[in-house]
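The block underneath contains the structure these notes are about, expressed in structure tokens.
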Amino acid sequence: MKLLAVPAGHVTSKMPEMEGTAPNPVMAFVIQTAGETVLFDTGMHPHVREDAVGYWGGIARRHLVPVLPDDADVVSRLEAAGIAPKDVTLVLNSHLHNDHAGMNRYFPDSRVLVRQREWDHAITVMDDNSSGFVRNDFYDDSALPEFFDYESECDLLGNGVLTLVSTPGHTPGHQCLKITFPSGAQHILSGDAVYNAGQLDTGEPPAITWDRDVAVESVKRLAGLRDTGASVHVCHDPGEWHGVEKIQTVYEEK
């Protein structure tokens, strides 16, 4: 069983949690377990290379400026590591923002599982300039994803190995992924519940929130999981991912 980190470009930003720490990595993750190859988040769409403002809207001018080298999109990274899109059995997203769901539609042979409350929100704003949700990233009415929902936690495989943890606030359906290895070691993928690891100590939510009070409670929940021994991996934290320029193993158990 293996957890892999997939570096997929970076963003620069004027948000307080990110300013001065550029480049801020955009990360995706692969979990390989019991015949499953699970992709958590799909990074940014390649269109941002040619026309970031045209594709993302005004948000790409200063608020969240994407940088995606030719070989750094999620599909290219996976292929360089010998993982073809068709090898991915399940695609999940922490949420549907443009730096986390940009390549969802590049996995037509995979089961793409989307939380209903996140989808319902995203499709109401996906055509708004600078909403952070981009129609072309995840929406195809001829090939809709599989929808599901839950309240607190969702055991994806029914064996306790992959557990989605509800952490709304940044967006209505934001979720983290808790991975439990055979030894009992737990690793949690934070998505944007926090932007940097320090927020787990300060309790400060991300600057962009759908509901700030709810986001604060989600930070507390994530910090509580860390305090019980789980390793929390923060997607945009430059300290954790500095120097990671290709897919690498985060943790593995035979």
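Couple of notes before you dig in:
- Scanning region 220-237 for residues that are more than 29 Å from residue 82 (Cα to Cα) and either within 16 Å of the chain's Cα centre (by Cα) or free of Cβ contacts under 8 Å to residues at least 24 places away in the same chain (or both) yields a total of 6.
- Residue, farthest from residue 76 (Cα to Cα), within region 204-251, restricted to residues that are touching an Asp or Glu at 6+ places or on another chain (Cβ under 9 Å), hydrophobic (A, V, I, L, M, F, W, C) and modelled with pLDDT of 95 or more: 216
- Within region 155-180, residues that are on the phi > 0 side of the Ramachandran plot have Cβ atoms under 7 Å from residues that are in a loop (DSSP other than H, G, I, E, B) in these pairs: 169/205; 169/209; 169/210; 169/211, counting only partners at least 6 apart in sequence or on another chain.
- Among the criteria (1) in contact with a Ser or Thr (Cβ under 9 Å, 6 or more places away or on another chain); (2) part of a loop (DSSP other than H, G, I, E, B); (3) of a type in the set (Ser, Thr, Tyr), the one residue 163 does not fulfil is (2).
- Criterion: at positive phi and not aliphatic (A, V, I, L, M) - qualifying residue of 184, 239, 224: 184
- Single match in 137, 201, 192 (criterion: under 21 Å from residue 89 (Cβ atoms) and at pLDDT 95 or above): 137
- Number of the condition not met by residue 254 [criteria: (1) part of a loop (DSSP other than H, G, I, E, B); (2) surrounded by fewer than 13 Cβ atoms within 10 Å (Cβ to Cβ); (3) of a type outside the set (Phe, Trp, Tyr); (4) at pLDDT 95 or above]: (4)
- So residue 232, is it more than 22 Å from residue 63 (Cβ to Cβ), touching a strand residue (DSSP E or B) at 6+ places or on another chain (Cβ under 6 Å) and crowded, with 16+ Cβ neighbours inside 10 Å: yes
- Filtering 219, 194, 232 for residues that are in contact with a Pro (Cβ under 9 Å, 6 or more places away or on another chain), aliphatic (A, V, I, L, M) and not in a loop (DSSP other than H, G, I, E, B) leaves a single hit, 219.
- Residues located in region 141-152, provided they are surrounded by fewer than 18 Cβ atoms within 10 Å (Cβ to Cβ) and part of a loop (DSSP other than H, G, I, E, B): 141, 142, 143, 144, 149, 150, 151, 152
- For the condition in contact with a Gly (Cβ under 6 Å, 6 or more places away or on another chain), polar (S, T, N, Q) and crowded, with 20+ Cβ neighbours inside 10 Å, residue 218 qualifies.
- Condition met for residue 177 (closer than 26 Å to residue 239 by Cβ and either at pLDDT below 95 or not in a strand (DSSP E or B) (or both)): no
- Condition check for residue 240: closer than 24 Å to residue 32 by Cβ and either under 17 Å from the mean Cα position of the chain (by Cα) or not in a loop (DSSP other than H, G, I, E, B) (or both): yes
The values are calculated or read from the model by the stated rules, or taken from the named source; none is laboratory data. Note that the structure is a prediction, hence the values are computed from the model and not measured. FYI the Cβ positions are ideal-geometry reconstructions off the backbone, even for glycines, and counts take in every protein chain you see.
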